[in-house]
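> Just dropping this structure here.
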């Protein structure tokens, strides 16, 4: 640093002369503190799970060592962090079938059905449940008729809708 001063009163009458009015003075000759610098965290591997909440190992390194009283480095250079890849696919699942319902006909051929519901709904791009939610099948209702006579008893089975009648 360069310093300049002014002579306010010159030496006289046998007094000493003033020293030089300009001088160069060294300053800040000691080194400045250098703080530690760490790199950003870097993944050391992929997430431990391809979907859902997994873990990933990360590390970082010292980029600049501290010097001359600068802030020291942290000692933690590895860590485990949660990673959420993406939601896991959920396959649809059917529940149990209900019992078969009553026949649609009171006599002869009709239909009966049963149903089921999905107990798990498909999510996140997975696959739908296979099969249907309703089944139907043919049902038969037969009339049983008993006819009695004095001499013998008859049992008739009629496969078609008709009136039950007994012939004597």
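The values are calculated or read from the model by the stated rules, or taken from the named source; none is laboratory data. None of these values were measured; they are calculated from a predicted model. For neighbour counting, all protein chains shown are included, and Cβ atoms are generated from backbone atoms with ideal geometry for every residue, glycine included.
> List the number of the failed condition for residue 62; all other conditions in (1) out of contact with any strand residue (DSSP E or B) (no Cβ under 7 Å at 6 or more places or on another chain); (2) surrounded by 11 or more Cβ atoms within 10 Å (Cβ to Cβ) hold.
Of the numbered conditions (1) out of contact with any strand residue (DSSP E or B) (no Cβ under 7 Å at 6 or more places or on another chain); (2) surrounded by 11 or more Cβ atoms within 10 Å (Cβ to Cβ), the odd one out for residue 62 is (1).
> With closer than 30 Å to residue 34 by Cα and in a strand (DSSP E or B) as the only criterion, which of 137, 63 stands out?
When all the criteria are applied, what remains is 63.
> Continuing with the same structure: Of the residues in segment 71-100, how many are in a loop (DSSP other than H, G, I, E, B), in contact with a strand residue (DSSP E or B) (Cβ under 8 Å, 6 or more places away or on another chain) and either within 30 Å of residue 42 (Cβ to Cβ) or without any contact (Cβ under 8 Å) to a residue 12 or more places away in the chain (or both)?
Residues flagged as in a loop (DSSP other than H, G, I, E, B), in contact with a strand residue (DSSP E or B) (Cβ under 8 Å, 6 or more places away or on another chain) and either within 30 Å of residue 42 (Cβ to Cβ) or without any contact (Cβ under 8 Å) to a residue 12 or more places away in the chain (or both) within segment 71-100 amount to 6.
> Report, by residue number, each residue of segment 126-138 that is surrounded by 12 or more Cβ atoms within 10 Å (Cβ to Cβ) and over 16 Å from residue 115 (Cβ atoms). Steps first, please.
If we filter segment 126-138 for residues that are surrounded by 12 or more Cβ atoms within 10 Å (Cβ to Cβ), which is where we start, we get 126, 129, 133, 135-136.
Of everything in segment 126-138, just one residue is surrounded by 12 or more Cβ atoms within 10 Å (Cβ to Cβ) and over 16 Å from residue 115 (Cβ atoms), namely 126.
> Here is a further query. With the condition kept exactly as written, say whether any residue in segment 24-33 is part of a loop (DSSP other than H, G, I, E, B), within 60 Å of the chain's Cα centre (by Cα), at pLDDT 80 or above and surrounded by 11 or more Cβ atoms within 10 Å (Cβ to Cβ).
Yes, the conditions are met somewhere in segment 24-33.
> Can you tell me which residues in segment 101-129 are in a strand (DSSP E or B) and under 30 Å from residue 90 (Cβ atoms)?
Residues satisfying the conditions are 113, 114, 115, 118, 119, 120, 123.
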